[in-house]
1. Give Leu156, Leu130 a once-over and let me know the one that is modelled with pLDDT of 90 or more, crowded, with 16+ Cβ neighbours inside 10 Å, in contact with a Pro (Cβ under 8 Å, 6 or more places away or on another chain) and under 20 Å from Ala19 (Cβ atoms).
2. Among the residues of segment 164-198, count how many are among the β-branched types (Val, Ile, Thr) and not in a helix (DSSP H, G or I).
3. Name the residue that is nearest to Ile181 (Cα to Cα), counting only residues in segment 204-257 that are part of a helix (DSSP H, G or I) and of a type in the set (Asp, Glu).
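The values are calculated or read from the model by the stated rules, or taken from the named source; none is laboratory data. Keep in mind the model is a prediction, meaning the values are calculated, not measured. Cβ sites come from the backbone with ideal geometry, for glycine too, and all protein chains shown count toward neighbours.
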Amino acid sequence: MKNHPDSPHGHFHEAPLLAFTAGAIAGGGVAASRPLAWILGLPPSAPGRMAALTVLILVGGGLLLSVRHLGRPGRMTLAMRRAGRSALSTEVLFASLTVVAALVLAVLPLQETWTKLTWGFASLVASGLLMSLAWVYWIPGQVTWKGVPALAPVPLALLFGITAHAAAALPRSGAAIGCIIALVAIDAIFWIVRCIRIERGRFTGTAAQAESMALRGWIMGARFALLTLFFPVAVDFGEWYAGLALLCLGILVDRFAFYGLAIQQTSESEVAHVETVIRSGVQ
């Protein structure tokens, strides 16, 4: 297959986007899942400075790295002016608000009432960030990015968030484990759908990264093993931090697969598909 026109020789140039979306999923998940953690009974409601610092580092760090992809840092300010009308602008706005809320929670000595309200705001804007990730990549012509694959960051983010909160609470929580297993099952279904979409799309579209597509079996297998097999085992044995490490690796592989196994419908791929159908009919 031909490489995507924007990816000459198959070079992977989406590293800044990979870093941003991975950080947004993990950090956004910690903030978005905070109310769910309270419902599950973990961890204590205030002040949660370590959780806030985690959100700040992951989302803020990813946002700074993504500036490289914008070309000029000043473009981020311009992009935010179109929030609500542009998917990218909305994503930048929600990411920035998540960073601001996390910074307030991590630095300022707030009373418990204000801490809960600020965490509620952080959870709200982080949820908006996760949904805007789906909106940004709902692009016509991108076979593997629309539908269920676009929504994949949501269960993955909640999975990371609940695991991070559970790791901070020393007592073993059956409710948290049950929630985690349910999210693992949802994530596995989403991943299987994505794999099927990739395999079918190879025959009707053009791979963005030919080299990555050639290794798709290993990439798909690594992602499935890390998040669907090894991670639940670690959690079941109470190895929460080992589980978080597996989640981090799994999220990075997931984001690499998202960009590296992207397939685009082009006029050339449509013509090639029609020619293949005609030849098969003639035979």
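1. Details: Leu156 fails: in contact with a Pro (Cβ under 8 Å, 6 or more places away or on another chain).
After applying the criteria, what remains is Leu130.
2. Filtering segment 164-198 for residues among the β-branched types (Val, Ile, Thr) gives 177, 180-181, 184, 186, 189, 192-193, 196, 198.
Now restrict to residues that are not in a helix (DSSP H, G or I): none.
Matching residues across segment 164-198 total 0.
3. Residues of segment 204-257 that are part of a helix (DSSP H, G or I), as a first pass: 210-214, 216-236, 240-257.
Next, only the ones that are of a type in the set (Asp, Glu) stay: 211, 236, 254.
Details: Glu211: 34, Asp236: 10, Asp254: 19 Å.
The residue in question is Asp236.
Okay, residues lined up against (1) closer than 23 Å to Trp135 by Cβ; (2) of a type in the set (A, V, I, L, M, F, W, C); (3) buried (at least 19 other Cβ atoms within 10 Å of the Cβ):
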residue	(1), (2), (3)
Pro149	yes, no, yes
Arg202	no, no, no
Ser212	no, no, yes
Gly217	no, no, no
Phe231	no, yes, yes
Glu239	no, no, no
Cys248	no, yes, no
